[in-house]
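Peer 1: Just dropping this structure here.
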Amino acid sequence: MALDIYKNFDLNARALGVANQRLELLADNIANADTPGYKARDLDFRAAMQSAGGGGNLGLSSTSSRHLQVNGTAGAGSATPMYRVPDQPSLDGNTVDSQRENAAIAETSVRYQASLTFLSAQIRGLRDAITGGR
């Protein structure tokens with residue numbers, strides 16, 4: 001059975017891409033915090049990851065007929081940036097909330113670091129398998 005290296009790294013690589021795209025949008029929002037009429041944009045991380053997965057079935061697979069059956073598939077979702085509904089827009093029409101942006105950056109940074117950690121562990125596991133743990 002051949003090892004498909006791309007398949008092993010695919011999910012975490014997509015997560016890094018989505019996190020990077022979201023960080024770029026959040027940076028744009030912060031950069032335009034004082035621009036009159038600027039509308040803040042953001043990604044729904046879960047929908048973006050489902051879209052990056054091709055909308056395929058991300059459900060559980062069973063190896064026995066006695067396993068519980070879980071119905072449902074991951075929706076296609078949308079990875080396109082959406083305008084954020086403001087809690088309290090400013091008088092000049094700007095919808096950027098700096099506290100919300102900073103919280104979203106912190107959350108996305110944690111997701112990004114987690115994906116890097118998972119990728120690093122996968123690479124370490126493959127390296128150990130190739131070298132025999134030496």
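The values are calculated or read from the model by the stated rules, or taken from the named source; none is laboratory data. Note that the structure is a prediction, hence the values are computed from the model and not measured. Cβ coordinates were reconstructed from backbone atoms using ideal geometry, including for glycine residues, and neighbour counts include every protein chain displayed.
Peer 1: Out of everything in region 25-47 that is outside any loop (DSSP other than H, G, I, E, B) and surrounded by fewer than 13 Cβ atoms within 10 Å (Cβ to Cβ), what residue ends up being farthest from the chain's Cα centre (by Cα)?
Peer 2: Filtering region 25-47 for residues that are outside any loop (DSSP other than H, G, I, E, B) and surrounded by fewer than 13 Cβ atoms within 10 Å (Cβ to Cβ), the one farthest from the chain's Cα centre (by Cα) comes out as 31.
Peer 1: Tally up the residues in region 87-128 that are not in a helix (DSSP H, G or I) and not aliphatic (A, V, I, L, M), please.
Peer 2: Number satisfying all stated conditions: 9.
Peer 1: If I filter region 83-113 down to residues being closer than 21 Å to residue 47 by Cα, of a type in the set (A, V, I, L, M, F, W, C) and surrounded by fewer than 14 Cβ atoms within 10 Å (Cβ to Cβ), which single residue comes out as nearest to the chain's Cα centre (by Cα)?
Peer 2: 110
Peer 1: Let me spell it out: the conditions are (1) at pLDDT 75 or above; (2) touching a Ser or Thr at 6+ places or on another chain (Cβ under 7 Å), and residue 79 meets all of them except one. Which number is the exception?
Peer 2: (1)
Peer 1: Only one of 8, 12 is touching a Phe, Trp or Tyr at 6+ places or on another chain (Cβ under 6 Å), more than 30 Å from residue 88 (Cβ to Cβ), in a helix (DSSP H, G or I) and modelled with pLDDT under 90; which?
Peer 2: The conditions single out 12.
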